[in-house]
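Remarks on the structure that follows.
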Amino acid sequence: MSLPSNLNPDEASPPWLNKGDNSWQLTAATLVGLQSVPGLVILYGSIVKKKWAVNSAFMALYAFAAVLVCWVGWGYRMSFGDKFIHFLGMPNVSLDAQYLIEQAFLGYLPNATMIYFQFVFAAITLILVAGALLGRMNFLAWMLFVPLWLTFSYTITAYSIWCPEGWLSKKGIIDYSGGYVIHLSSGVAGFTAAYWVGPRTTKDKERFPPNNILLMLAGAGLLWMGWTGFNGGDPYTVSTDASLAVLNTHVCTATSLLTWLMLDIIFFGKPSVIGATQGMITGLVCITPAAGVVQGWAAILMGMMSGSIPWYTMMVLHKKIGLLKQVDDTMAVFHTHAVAGSLGGILTGLFAVPKLNRLFYLVDNWQHYIGVFYGLHTGHTTAGFKQLGIQLLGIVFVVLLNIFTTSVICLLISLIIPLRLAEDELQTGDDAIHGEEAYALWGDGEKYESKLNSIYEEFPPPSKGGE
């Protein structure tokens, strides 16, 4: 039986290449990229005080560009390349054309597609770390922090959990799309870095109103819809499991948003738009490690818990625990990413369905990838609790690694350049740091005067005596 001419293998489309998978993977990667640029660029630039809009947005944009250069230079091969040490791949460039057109380590894709797909995940992780540092970090220190943290923290976590040769991967940890590698890592690293950088000014901590809530919602919308590629792209194939992951993602997120919203109404009397956005984020984060390996009803339950447990830690525990009060985490990434990511990892260990894991991992071994509840139901109780133990081990590993590496990186940078902006720069914001401001409005000094001058030139005032 002959194939249509457009499906026949040729030099540009070798027999192992699946054109449909490759098309979806490039699309999914671009959706994830849009979560960062412009998604988080818009969200960060809008959710902060007006004087920090440019700086906050640009921290995200810079990280996106810097990560890509580091990724093709050495980061990708350290995360997914040949084994170097127990938890890290061999540093090497990913720019040779022959290597880029060869088949990737998983899926029916070329290396170039896999490198692009994994890059956008690495980039958004650094941008999420930035969320804890908005409104006071020295931009030059941030320029150093990004490549150092990518090299000495992200690559270790990615290799250990996602690379087939990684030690946690071999143990059978379930992290469908980054609950550990991206969200738990960024939440812990952001909180740790915020401790070393120090707080915003007292005035900014006490009052930090968004400069544009409507634009904030636009950024949040890009983040939410971009998650279709975030979780839908991780099977590396256009499969039934990818479709399930996409639907579970949106169901959990919507449930989480509504849960957070109802709690705000019950306890504070008003439906907070910023609160609903936080609930949206915690839902996206919580479902990420489980997206394609749990039932739809489990996605609903996970959404209810992701909309309530991080709400409780943020609104109640944060005000009671000394360390949480001491550290100025601007975007509350500890709660929205570390807490929600850990929650998702644990719930994955409870709800993971063996059949769905076989679809995702393409393995037949029932001793791996089985949630506690299904282990109890099928008589594989030991295997279920073992899976939960592996999920907890992953949390401990990611937390300890990021506390240590982030602290060392911040201390090393502080020997070269201050981590925190000078007091006069903190008072001024964007204009002092970048020489640019987000909005040109009347009442902003020179711009206001020049506008008046132009009016007077066009309509000169009448002379005395009505002449």
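The values are calculated or read from the model by the stated rules, or taken from the named source; none is laboratory data. Remember, it's a predicted structure, so these values are computed and weren't measured experimentally. In this analysis, Cβ positions are derived from the backbone assuming ideal geometry, glycine residues included, and neighbour counts consider all displayed protein chains. Ligands, DNA and RNA are excluded from the accessible area calculation, which covers all protein heavy atoms including side chains. Shrake-Rupley method; radii C 1.70, N 1.55, O 1.52, S 1.80 Å.
Observations, loosely collected:
- Residue match in the stretch 384-403 (condition: open to solvent by less than 80 Å² (accessible area, probe 1.4 Å) and at positive phi): no
- Selected residue (criterion: nearest to the chain's Cα centre (by Cα)) from residues of the stretch 236-247 that are in a helix (DSSP H, G or I) and in contact (Cβ under 8 Å) with a residue 60 or more places away in the chain: ALA245
- Tallying residues that are open to solvent by 20 Å² or more (accessible area, probe 1.4 Å), under 14 Å from TYR176 (Cα atoms) and not hydrophobic (A, V, I, L, M, F, W, C) within the stretch 341-367 yields 4.
- In this structure, LEU419 does not qualify as among the hydrophobic types (A, V, I, L, M, F, W, C) and either at pLDDT below 95 or open to solvent by 40 Å² or more (accessible area, probe 1.4 Å) (or both).
- Any hit, the stretch 19-33, residues being open to solvent by 20 Å² or more (accessible area, probe 1.4 Å) and either closer than 19 Å to TYR159 by Cα or modelled with pLDDT under 95 (or both): yes
- Selected residue (only one of HIS318, HIS250, HIS335 is within 16 Å of LEU184 (Cα to Cα), not aromatic (Phe, Trp, Tyr) and not in a loop (DSSP other than H, G, I, E, B)): HIS335
- Leading residue by the ranking (surrounded by the fewest Cβ atoms within 10 Å (Cβ to Cβ)) among those in the stretch 205-218 that are part of a helix (DSSP H, G or I) and touching a Ser or Thr at 6+ places or on another chain (Cβ under 6 Å): LEU215
- Identity of the residue in the stretch 298-328, open to solvent by 20 Å² or more (accessible area, probe 1.4 Å) and in contact (Cβ under 8 Å) with a residue 40 or more places away in the chain, that ends up nearest to LEU376 (Cα to Cα): LEU301
- Among the residues here, THR228 does not qualify as among the hydroxyl-bearing types (Ser, Thr, Tyr) and free of Cβ contacts under 8 Å to residues at least 24 places away in the same chain.
- Single unsatisfied condition, ASP444 versus (1) open to solvent by 70 Å² or more (accessible area, probe 1.4 Å); (2) at pLDDT below 95; (3) in a loop (DSSP other than H, G, I, E, B): (1)
The rows are residues; the columns are (1) among the aromatic types (Phe, Trp, Tyr); (2) open to solvent by less than 10 Å² (accessible area, probe 1.4 Å).
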position	(1), (2)
PHE117	yes, yes
THR125	no, yes
ALA132	no, yes
PHE139	yes, no
LEU144	no, no
THR151	no, no
ALA158	no, yes
SER177	no, yes
HIS183	no, yes
